[in-house]
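Chemist: Have a look at this one before I ask anything.
The values are calculated or read from the model by the stated rules, or taken from the named source; none is laboratory data. Since this is a predicted model, take the numbers as computed values, not measurements. Here the Cβ is made from the backbone with ideal geometry for all residues, glycine too, and neighbour counts use every protein chain on show.
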């Protein structure tokens with residue numbers, strides 16, 4: 001039989017887990033580097049639950065062109081968004097390098113974004129922070145330039161998965 005705990009004990013355990021997560025994030029500033037079209041993005045490892053090859057997707061009628069459809073991952077349906085197309089670029093061409101980043105369950109949305117290819121782990125502390133050029137969106141975090149001069153944009157997955165445009169994939 002399961003042990004009964006009080007609400008106070010439960011809340012304290014949740015707070016402790018969140019503090020541990022924040023401490024581990026501070027100790028390990030590495031981000032997952034991905035390419036989306038011609039853009040380079042940095043994603044916090046704690047913001048994604050899995051990185052998988054792009055699966056077959058069931059089309060959804062009357063959906064935005066950037067909404068790829070729904071896919072089944074271990075018995076759960078996820079809405080799949082072509083991130084490059086969502087950003088206003090060309091649709092991502094299918095290929096062996098393409099991957100789906102599944103949003104972490106903490107965002108309470110079963111969504112995955114398609115990226116063109118993985119670029120490995122990157123440490124923003126070893127890059128130079130720069131001012132974002134042009135129009136910024138709520139899901140665009142800090143911008144960095146690496147030692148090779150490439151521009152990297154940090155992705156705020158919470159802002160993306162909570163944005164009305166991302167959530168309203170239907171036409172009209």
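Chemist: Please tell me if residue 142 is surrounded by fewer than 18 Cβ atoms within 10 Å (Cβ to Cβ), free of Cβ contacts under 8 Å to residues at least 60 places away in the same chain and within 26 Å of residue 77 (Cα to Cα).
Modeler: Here the answer is no, as residue 142 does not meet what is asked.
Chemist: (1) at positive phi; (2) at pLDDT below 75: which one isn't true of residue 23, the others all being true?
Modeler: Just one mismatch for residue 23, condition (1).
Chemist: What is the residue count in the range 65-77 for residues that are within 18 Å of residue 48 (Cβ to Cβ) and surrounded by 21 or more Cβ atoms within 10 Å (Cβ to Cβ)?
Modeler: The number of residues fulfilling the criteria is 1.
Chemist: Before we move on, is residue 10 at pLDDT below 90 and more than 17 Å from residue 155 (Cβ to Cβ)? Can you show your working first?
Modeler: Numbers: at pLDDT below 90: yes; more than 17 Å from residue 155 (Cβ to Cβ): yes.
Yes; evaluated as a whole, the condition is true for this residue.
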